[in-house]
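The values are calculated or read from the model by the stated rules, or taken from the named source; none is laboratory data. It should be emphasised that the depicted structure is a prediction, and the values quoted were computed from it without experimental measurement. Neighbour counts are summed over all protein chains in view; Cβ atoms, including those assigned to glycine, are modelled from backbone coordinates with ideal geometry.
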Amino acid sequence: MGCGCRLCGELTENLSIQVGGRSYSRCERCRCIQMDQQYLPNPELEKKRYLHHQNNSDDYRSYLSGRVEIFKTHLKDVFLHLDYGSGPNPILTEIFEKKEIESYSYDPIFNPNSDLLNKRYDLITLIEVAEHFHQPLKEFLKLGNMIKERGKIVIMTQLIPLDLLDYSEWWYMRDMTHTFFYSIESVAVLGDILDMQTELLGNKGFVLIG
């Protein structure tokens, strides 16, 4: 038996696989997969890994524009936006500003401006961020208090494939900074915890709606 789920608090069961020498467990309730505590990377390792990302390239800008297309129907009546976990470059903020939406970038490593956490937003986006959370419930409770009434939180992260038989073959788990993985059940449970509606974005993520 594993330790408690870091999203819903229920018991987890150890998975009989290792990925990159790291072990994982799965929640019996929300069916998330979480990296075991002793393998969670420290901030120095995380920063080193993130700096290897090509976050200022034309390809990355195109990638982000494509992600915005996926949730573009949720941009109606959005006047104030926060890109949470933006990385070292505020590219998504630039994309939103071109849409005439006031936009800010926050990152706990590269732009830890705590003043931005005291505002309330129409929209908060997390693009390839939620899989890095060490304490996802704590993070989502904080984010839930940062949106306005009827505000939305868009989370772009690969959901656990329904047909996945061998977790060690899933490319998303090979990144040592990816520590938490969400299932369809995880999304529903998170919505219940936060008292928010949910909408799936295929297997690419989900939306929390206040």
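Each residue in the range 186-204 was checked for being more than 10 Å from LEU159 (Cα to Cα) and part of a helix (DSSP H, G or I), and 7 of them qualify.
So, GLN34, is that one under 22 Å from PHE133 (Cα atoms), surrounded by fewer than 18 Cβ atoms within 10 Å (Cβ to Cβ) and either without any contact (Cβ under 8 Å) to a residue 12 or more places away in the chain or not aromatic (Phe, Trp, Tyr) (or both) or not? Break it down stepwise before answering.
On the way: under 22 Å from PHE133 (Cα atoms): yes; surrounded by fewer than 18 Cβ atoms within 10 Å (Cβ to Cβ): no; either without any contact (Cβ under 8 Å) to a residue 12 or more places away in the chain or not aromatic (Phe, Trp, Tyr) (or both): yes.
In short, no.
Output yes when any residue across the range 37-54 is of a type in the set (Ser, Thr, Tyr), assigned to a loop (DSSP other than H, G, I, E, B) and surrounded by fewer than 18 Cβ atoms within 10 Å (Cβ to Cβ), and no when none is. Let's see the steps before the verdict.
Of the residues in the range 37-54, the ones of a type in the set (Ser, Thr, Tyr) are 39, 50.
In the following step, the residues that additionally are assigned to a loop (DSSP other than H, G, I, E, B) were identified as none.
No: zero hits.
Could you grab me the full set of residues in the range 150-163 that are among the aliphatic types (A, V, I, L, M) and surrounded by fewer than 12 Cβ atoms within 10 Å (Cβ to Cβ)? Reasoning before the result, please.
Within the range 150-163, the first condition is being among the aliphatic types (A, V, I, L, M), and the residues that meet it are 153-156, 159-160, 162.
The answer is LEU162, and nothing else.
Quickly run through the range 178-200 and pick out the residues that are under 14 Å from the mean Cα position of the chain (by Cα), surrounded by 18 or more Cβ atoms within 10 Å (Cβ to Cβ) and either modelled with pLDDT under 95 or of a type in the set (A, V, I, L, M) (or both). Correct list: VAL187, LEU190.
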